[in-house]
Every structure is written in C-alpha cells, then in structure tokens.
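The values are calculated or read from the model by the stated rules, or taken from the named source; none is laboratory data. Everything numeric in this text was worked out from a predicted model, so none of it was measured. Cβ atoms come from the backbone with ideal geometry, glycine included; neighbour counts cover every protein chain shown.
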Amino acid sequence: MKRLFMTIAAALLVLAVLPTLAQQVDTGAALVADSLAIDSSMADMSSVEELIGEEDMSALQMMAEGEGLGLHEQLKSKFVEGSASFMSLVALALVIGLALCIERIIYLTLSEINAKKLLRDIEQKMDAGDVEGAKAICRDTRGPVASICYQGLMYANQDMATVERSIVSYGTVQSGNLEKGCSWIRLMIAIAPSLGFLGTVIGMVMAFDHIQEEGDISPTIVAEGMKVALITTIFGIIVALVLQIFYNYILSKIERLTSQMEESAIALLDIIMKSKELKAKG
C-alpha cells in the first residue's frame, strides 16, 4: 500500500509539472515567431506610441496580455503573485490530499464485490456440508465482506455465540482498515484554508511594513499586501473545497461497504444456523 501511495504521489507531481514544461516550450516557440515579426513592426509601434503616449500604450499592452491568457496561465500568474514560496505549501497540501484520496478510492473500489452472489455460493456449500469449500470461496474473493465470512466459517463448528463474537470483532478490524488514512485527508482539508488565512495575515504585515518604509499610505503600497492576502486565502479555500468533495465521496463508499458487511454478517449467521439445524436433523 505504501508503494501504491508513493506511485500515486509521484504521478501527481509529474502531471503537475508536465503542463508547465509544455507551456514553456510553446511560449518559447511563440517568442521565436514573434521576434521575427518585431523588426517589421517597430516603426509602426514607435509612431503609435508618439500618438497615444507611453502610459496609455503600457495600459493597452497589459489589457492585451490579460485577454490572451488562458485559465491555466491566469492561475499560474495568480499563484506567483500570491508569493510562490508560501503558495507552494498550499499546493503541497493539495497534492498530498489528492494522493491520499486517490489511494482510498482505489482501495475501496477494489473492496466492493457482489456480496449476494458470494453468500449464495457459501450457502450452497454449507447446505452440502462442505465447510472447507465455503472457506475456499471466501479465500478466493477479495474484500472485507469475504474476510468476515471466512472468519465466521472458521468457527462454524462452535456455538453461535462464539461465531457471532468472532464476526463482530473481525468486522471492527475491517471497518478500521476502510477508514485508514481518512484522518490525514481531514488534516489536509483543515490545513489548506489555515494556510490561506496565514497568508492573509502575512500579506497585511507586508502592507504595513511597506507603509512604514515609505512613510506614507498610498493605494499602491496597501494594494500589494492586500493582493497577496486575498490570493492566498482564495487558493486555500479552493484546495479545501476540492479535497472535501473527494472526502465526502470516500465516506459514502465506506458507509456502503460497512452496510454491506453488516448485512452479510447477519446472512452468514443465518446460513450457519441453518446448517447446524440440518446436521441436528440428520
């Protein structure tokens, strides 16, 4: 399971890096193509700058660049504007949380089986008096339901109280295995917005530091610190929302498996009791 976790984490990191590398390659190619056309347009640009002024020209360039940015580029630019060194912690919480969520989803998906078919096969073997055959079916079937059934069949020759106690005890162990790692997912959900709020405080401190250095309260100085504060908060909340969606999906799968385990345990007790009654009559 640790190897699976490490593999998923590495894959997520690679997937996170590849779009950036591809984008840099595309940007480099675009720059080469643009550089070929710069010489032919320099005269026109100089005449335009003389007509509208340098300040208006820079504003138009910023507007053109903003309109040409895609969603991925805008997110990356906002990420950098929010202090990349600090925002990396938020991104790390997202990567770790997603790796844990994917590992749990894979584990829970593989744990789901057709419990009704399994119990029918066990019942057929038990009616024929083949307890070992019923155990073999459980051994060859994956998932916690099959494990609980195998545990109950191990004590099939003893009294029903012992069988029930064994099933309940082992069911508790299997429920714990289903919820393994969920506490770390909850931690990532709590850390992400906390890091965002911490970024808010850091941004405010940066704003006051700049005000102290300049000795004057200007909108530009205050806006820089406030921008960092708001961006970090937004990204922290987004990460928490994404992880919360995955976590709720995981909880729904755990609840479904737990319900399936309880129903299968009750059905198995009925099968064992029926088998004992048939032996007593025979």
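Taking GLU213 as the residue in question, decide whether it is charged (D, E, K, R), surrounded by 14 or more Cβ atoms within 10 Å (Cβ to Cβ) and either at pLDDT 75 or above or over 30 Å from SER147 (Cα atoms) (or both). When the stated conditions are applied, GLU213 does not pass them. Residue count for segment 93-107 under the criterion of being touching a Phe, Trp or Tyr at 6+ places or on another chain (Cβ under 6 Å) and of a type in the set (A, V, I, L, M, F, W, C): the result is 2.
Summed over segment 161-183, the residues that are buried (at least 18 other Cβ atoms within 10 Å of the Cβ), hydrophobic (A, V, I, L, M, F, W, C) and farther than 17 Å from TYR249 by Cα give a count of 2.
Here's the yes/no breakdown for (1) modelled with pLDDT of 90 or more; (2) within 30 Å of ARG142 (Cα to Cα):
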{"residue": "ILE234", "(1), (2)": "no, no"}
{"residue": "ALA240", "(1), (2)": "yes, no"}
{"residue": "LEU243", "(1), (2)": "yes, yes"}
{"residue": "TYR247", "(1), (2)": "yes, yes"}
{"residue": "LEU251", "(1), (2)": "yes, yes"}
{"residue": "LYS274", "(1), (2)": "no, yes"}
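Applying the criterion of at least 1 residues that are in contact with a Lys or Arg (Cβ under 8 Å, 6 or more places away or on another chain), under 15 Å from ASP270 (Cα atoms) and of a type in the set (Ser, Thr, Tyr) to the helices (runs of 4 or more DSSP H) found wholly in segment 120-221 leaves 144-154. Scanning segment 114-149 for residues that are more than 29 Å from ILE254 (Cβ to Cβ) and free of Cβ contacts under 8 Å to residues at least 24 places away in the same chain gives GLN124, LYS125, ALA128, ASP130, GLU132, GLY133.
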